[in-house]
Amino acid sequence: QEGQPIYLAVKGVVFDVTSGKEFYGKGAPYNALAGKDSTRGVAKMSLDPADLTHDTAGLTEEELKSLDDIFNNVYKAKYPIVGYTSRRILNEDGSPNLEFKPEDQPHFSIKDEF
C-alpha cells in the first residue's frame, strides 16, 4: 500500500527497499521480488513465480556468484537491513542457529541485542 515500507529478503536478510519504490513498488518492474525471500530469483535474474523462493538448490556456480555480487554490491550497499528470516536465525527444528551472525552493513550499527 502507498506509504507503507517495501521489504524483500535475499539470503535470509530482510532489506527495506522503500527508497527504490520505482523498482519494487506496486506496478514497478521488480515488484514480484517484494514481500518474500526472493534469493533464487535474484540469483537467476528471474521473476518467474517458481523462482521467487529462498531455495538455492541446483543453482550453478555462475548463478551463486551472481547472487553474492548482487547481495553485496546492490542490496547491502544500498538498502538498510531491517531483519532476518526465520530460516536465517533458526535451525529446522526451531532451535536457535548458534552460528548466526548479523551482516555488517553501513546503514546501522550492530547492537548488543544480537
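The values are calculated or read from the model by the stated rules, or taken from the named source; none is laboratory data. Quick caveat, the model's predicted, so the values are computed rather than measured. Every residue, glycine as well, gets a Cβ built from its backbone with ideal geometry; the counts of neighbours run over all protein chains shown. All accessible areas refer to the heavy atoms of the entire protein, side chains included, with ligands and DNA or RNA removed. Shrake-Rupley method; radii C 1.70, N 1.55, O 1.52, S 1.80 Å.
Can you name every residue in region 12-27 that is surrounded by fewer than 22 Cβ atoms within 10 Å (Cβ to Cβ) and under 17 Å from Glu103 (Cβ atoms)?
If we filter region 12-27 for residues that are surrounded by fewer than 22 Cβ atoms within 10 Å (Cβ to Cβ), which is where we start, we get 12, 14, 16, 18-23, 25-27.
If the condition is that a residue be surrounded by fewer than 22 Cβ atoms within 10 Å (Cβ to Cβ) and under 17 Å from Glu103 (Cβ atoms), then Gly12, Val14, Asp16 are the ones that fit.
Within region 25-64, can you find the residues that are in a helix (DSSP H, G or I) and of a type in the set (Ser, Thr, Tyr)?
Thr39
Please state which of the following conditions Tyr30 fails to meet, knowing it meets all the rest: (1) aromatic (Phe, Trp, Tyr); (2) open to solvent by 70 Å² or more (accessible area, probe 1.4 Å); (3) touching a strand residue (DSSP E or B) at 6+ places or on another chain (Cβ under 7 Å).
Answer for Tyr30: the failing condition is (3).
Being surrounded by 14 or more Cβ atoms within 10 Å (Cβ to Cβ) and without any contact (Cβ under 8 Å) to a residue 40 or more places away in the chain is the filter here, so list the residues in region 57-75 that pass it.
The answer is Leu59, Glu63, Ser66, Val74.
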